[in-house]
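For reference, the structure is listed below as structure tokens.
The values are calculated or read from the model by the stated rules, or taken from the named source; none is laboratory data. On a predicted model such as this, the values are computed, not experimentally measured, just so you know. To get the accessible areas, we keep the full protein, side chains included, count just its heavy atoms, and leave off ligands, DNA and RNA. Shrake-Rupley method; radii C 1.70, N 1.55, O 1.52, S 1.80 Å.
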Amino acid sequence: MIEFKGVNKYYGDFQVLKDINLSINKGEVVVIIGPSGSGKSTMLRCINHLETITEGELTINGTLVADKKTDINKLRRNIGMVFQHFHLYPHKTVLENITLAPKKVLGKSENEAKETARYYLDKVGIAEKADAYPSQLSGGQQQRVAIARGLAMNPEVMLFDEPTSALDPEMIGEVLDVMKALAKEGMTMVVVTHEMGFAKEVADRIVFIDQGQILEEATPAEFYANPREERAKLFLSRIL
Ligand code: ADP
Ligand code: MG
């Protein structure tokens, strides 16, 4: 479904991604881990063309992301993204945050969009917060709204960039639980996270990236028990 083939990316002279080769199948959950600055966010951002690759091929369902002929808006509609810092609209209610894109981009009616929004709010466990403003919610609740907002577009794949790393410890679990449920329903997910419990429970594969290179690809069981790469060992010894 998502395929990186020999992908290089530069920021000026600096090479941020080095010969990335990675295939992600429909229904797979892939966790990307690696030190700060290793290129994890850049990888995710290339998938929905928030960043452009410099060399190589990146395709989604066979469509080249960076091709001039590709309708990038159409492609993006199919990709939900959840960021570390929620990115909710502060002056809109929870419901408005979720209905905005389905109305604007998918042309849904107000009622239809609201119905969908309420369905997903219920799913992430905060149906009662529909009329609240983001500032009235905890970080964990805001992140669940952000997930509901992504899901309301009915995407084929969800990208998560360190979705719990800005949260107080007591709120991490509620967000991970929503993500675990999503994974178990068969959503294709690419998740940048250092949450080992999550990775062990739902990831099909762990991808370890360092200095722009994929150094190791393994099942969670293999990776956490016995990373092959020295740099992966060192990294794990620091975060665990
Ligand atoms: P990670 O998410 O793994 O922490 P990033 O993908 O955010 O890493 O960044 C990888 C590297 O690219 C870092 O060295 C970062 O400073 C650099 N970088 C990220 N975005 C830009 C940019 N827009 N311009 C120049 N350098 C950037
Ligand atoms: Mg990052």
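Some observations on this one:
- Cα gyration tensor shape of segment 158-212, rounded if a/c is under 1.5, else prolate or oblate by comparing a/b with b/c: oblate
- Greater than 19 Å apart at Cα, pairs in K114/K180; K114/K184; K5/K26; K74/K108; K92/K184: K114/K180; K114/K184; K92/K184
- Portion, in percent, of the accessible area of the chain that falls on carbon or sulfur, probe 1.4 Å: 46 percent
- The convex hull defined by the C-alpha atoms of segment 78-182 has an orientation-averaged projected area of 5.9 nm².
- Centre separation in Å (Cα based) which lies between segment 159-181 and segment 184-240: 16 Å
- Global form of segment 147-240, assessed from the alpha-carbon gyration tensor, a/c cut-off 1.5: prolate
- Per residue solvent-accessible surface (Å²) - the chain, probe of 1.4 Å: 47 Å²
- Extension gain from N78 to N61, taking 0.36 nm per residue of separation minus the Cα-Cα distance: 5.1 nm
- Rounded to 10°, Cα long-axis angle of helix 139-151 versus longest principal axis of the chain: 90 degrees
- Expressed as a whole percent, the proportion of Cα-Cα pairs in segment 1-130 lying more than 20 Å apart is 56%.
- Rg and Dmax of the chain, Cα atoms only, in Å: 17.9, 55
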